[in-house]
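Report on the following structure.
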Amino acid sequence: MSDQPLLRAGSISKFYGPQAGCLDVSFELWPGEVLAIVGESGSGKTTLLNCLSTNLAPTSGTVEYRMRDGHLRNLYDMGEAERRFLLRTDWGFVHQNPADGLRMGVSAGANVGERLMAVGERHYGNIRGQALDWLGRVEIAANRVDDGPRTFSGGMRQRLQIARNLVTSPRLVFMDEPTGGLDVSVQARLLDLVRGLVADLGLSVIVVTHDLAVARLLSHRMMVMKSGRVIETGLTDQVLDDPREPYTQLLVSSILQV
Amino acid sequence: MIDQHYNFAYLDEQTKRMIRRAILKAIAIPGYQVPFASREMPMPYGWGTGGVQVTAAIIGADDVLKMIDQGSDDTTNAVALRGFFEKTAGVATTSKTADATIIQTRHRIPEHELTADQTLVYQVPIPEPLRFLEPRETETRKMHALEEYGLMHVKLYEDIATHGHIATTYAYPVLVYDRYVMDPSPTPKFDNPKMNNCAALQLFGAGREKRIYAIPPYTKVVSLDFEDHPFEVQKFEGLACALCGAKHVYFDEVVIDDHGGRMFTCSDSDYCEERRAAGHVGEQPDFMSSETGSGGKTEHAA
């Protein structure tokens, strides 16, 4: 890990009218680190993620990102063109519902190739080669490359979405409930895959989840949110095994044991 | 006969000024779709209301107008719109490409090379090249503004993945002046190379979608493609026009009997007549002689 943070959030607040989505959130994310944001529904996890990923402008606060040239830049000072370019090259965003992150009307190969074409790749053979390579890495059979995502199962769609995001070798990936809506065995496979990819590629990941098992498996560090505020942060095993705040204790004790 | 109940060329002068302003803006930003306050016209959408409004805005009493539909001067749409301008503007009309100053077209660019004193007006049904890839208009406008055209290649990728080659044959996307991706309306891609560096001004009007865009004279127009799947026009190997014997032109297929008989003729009727007048003959030169007789003349309607 480098000694300089990749992303730095400085007291982000987002208000929806008088209602606060998230309040005064500050943290730093280091290269190669997986950070989980956990909390119950309505605790402001997704609002925070959208503010960080420039999908939603925060009411106040700053989000700084270290560009490939090593300079830390405030995302909301950049032009929209530069921000969108960042979003489709150096970043990835994995939606909870794959239909939000995929182009459902075009084939799996085109879904993976879109980002390559967006950054100027104009050689069909190369695009297809990379698409096939990535489908292989997310365990989708090569003969499905020309099939549309509508013919894929939920787990396959989610893996396709991950491939589509990783094809431009991003350094930071946002994930919003990546395992939501998947059954447990598919979840386990997906988590295994994501863990392998993150380790191989040295990705930084911010993953939002209400599922503490996902946080335990994937993340190095976690933040617990309640009513828009971060109430506890720490190493994942530390927070889960020895929760300090009463609310975190409640969360941890709510996990069903089988 | 000009009808005195209408203003010259049907539209009122304020409307024409509004359209001219949109046209000037379109010419200043090649390939950019300029919104304009499209009017109700006395014909249904899909019949060329956009092209008619553009023509009405630029036409003068001295202009000579040619109307083509699918390359031909004597199909319904062309006849109806030619009659419209004869009635409301009283201008001279012609079927000869070389004689016209304004050519309004649906689908084809004439085979005859266009000159600097001519204007080509296209009737456009869907001006947005990204329409079927990205349904949100706000998003497509942003993509144009930020030059995010990767998605256009996704369509071409899909073509190759499905058909083994780029199977788009009409409305083939082009990049205008290295900046805006533009839909050349439903012209066959056979005509795309004619748009590049064309001497004539090219104006595009979409009535229902309320957009005008333009390619100024001598502007670079490049058809999008992949390095390993370069753009190419349709080739009609072994085909020749049955009437005039022309090769390497765009053809109409004409069914001539109930037993599967068919013939191919030039889609551009004026080009075909010109060649026949110059003495070129095809395999069935007399086939259409009983039906034709209207083409080839320049008539003044006033």
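Things to note:
- Across the range A:97-106, the number of residues qualifying as more than 21 Å from the chain's Cα centre (by Cα) and more than 7 Å from chain B (Cβ to nearest Cβ) comes to 1.
- B:Ile102, sole failed condition from (1) open to solvent by less than 10 Å² (accessible area, probe 1.4 Å); (2) farther than 21 Å from B:Ile2 by Cβ: (2)
- Any hit, the range B:201-208, residues being without any contact (Cβ under 8 Å) to a residue 12 or more places away in the chain, away from chain A (no Cβ under 14 Å) and out of contact with any Cys (no Cβ under 6 Å at 6 or more places or on another chain): no
- Selected residue [without any contact (Cβ under 8 Å) to a residue 60 or more places away in the chain, loosely packed, with under 13 Cβ neighbours inside 10 Å, facing another protein chain (nearest Cβ under 9 Å) and over 19 Å from A:Arg115 (Cβ atoms)] from B:Ala167, B:Ala145: B:Ala145
- The set of residues in the range B:8-39 that are closer than 26 Å to B:Thr138 by Cβ, open to solvent by 50 Å² or more (accessible area, probe 1.4 Å) and of a type outside the set (A, V, I, L, M, F, W, C) comprises B:Arg21, B:Lys25, B:Tyr32, B:Pro35, B:Arg39.
- When B:Asp286 is tested against the conditions (1) in contact with a strand residue (DSSP E or B) (Cβ under 9 Å, 6 or more places away or on another chain); (2) not in a helix (DSSP H, G or I), the lone failure is (1).
- Only a single criterion out of (1) free of Cβ contacts under 8 Å to residues at least 60 places away in the same chain; (2) within 14 Å of chain A (Cβ to nearest Cβ); (3) open to solvent by 10 Å² or more (accessible area, probe 1.4 Å); (4) of a type outside the set (Asp, Glu) is not satisfied by B:Pro193, namely (2).
- Strands (runs of 3 or more DSSP E) lying entirely in the range A:1-105 (those with 3 or more residues that are open to solvent by less than 40 Å² (accessible area, probe 1.4 Å)): A:7-16, A:19-29, A:34-38, A:60-66, A:91-94
- Across the range A:137-176, the qualifying residues are those that are open to solvent by 50 Å² or more (accessible area, probe 1.4 Å) and in a helix (DSSP H, G or I), and the one among them that is farthest from the other protein chains (Cβ to nearest Cβ) is A:Arg137.
- Out of B:Thr219, B:Thr187, sole residue that is touching a Pro at 6+ places or on another chain (Cβ under 7 Å), among the β-branched types (Val, Ile, Thr), surrounded by 18 or more Cβ atoms within 10 Å (Cβ to Cβ) and under 24 Å from B:Pro129 (Cα atoms): B:Thr219
- Top-ranked residue in the range A:107-134 [being at the interface with another protein chain (Cβ under 7 Å from one of its Cβ atoms) and open to solvent by less than 10 Å² (accessible area, probe 1.4 Å); ranked as farthest from A:Trp91 (Cα to Cα)]: A:Ser107
- Within the range A:55-84, residues that are farther than 19 Å from A:Gly10 by Cα have Cβ atoms under 9 Å from residues that are among the aliphatic types (A, V, I, L, M) and loosely packed, with under 13 Cβ neighbours inside 10 Å in these pairs: A:Glu80/B:Ala145; A:Ala81/B:Ala145, counting only partners at least 6 apart in sequence or on another chain.
- Segments classed as helices (runs of 4 or more DSSP H), wholly inside the range A:192-258, with at least 3 members that are of a type in the set (A, V, I, L, M): A:212-218, A:246-253
- Test: residue in the range A:182-196 that is more than 14 Å from chain B (Cβ to nearest Cβ), hydroxyl-bearing (Ser, Thr, Tyr) and touching a residue at least 12 places away in the same chain (Cβ under 8 Å): no
- Residue within the range B:112-131 that is within 14 Å of chain A (Cβ to nearest Cβ) and either at pLDDT 95 or above or more than 17 Å from B:Ser269 (Cα to Cα) (or both) present: yes
- All of (1) at pLDDT below 95; (2) of a type in the set (A, V, I, L, M); (3) in contact with a Phe, Trp or Tyr (Cβ under 9 Å, 6 or more places away or on another chain) hold for A:Met67 with one exception: (3).
- Residue in the range A:123-143 that is closer than 30 Å to A:Gly10 by Cα and touching a strand residue (DSSP E or B) at 6+ places or on another chain (Cβ under 6 Å) present: no
- Every residue from the range B:225-245 that is under 25 Å from B:Pro184 (Cα atoms) and open to solvent by less than 20 Å² (accessible area, probe 1.4 Å): B:Phe226
The values are calculated or read from the model by the stated rules, or taken from the named source; none is laboratory data. None of these values were measured; they are calculated from a predicted model. All Cβ positions, even for glycine, are placed from backbone atoms using ideal geometry, and neighbour counts span all protein chains on display. Protein only, heavy atoms only, side chains kept; ligands, DNA and RNA dropped before computing areas. Shrake-Rupley method; radii C 1.70, N 1.55, O 1.52, S 1.80 Å.
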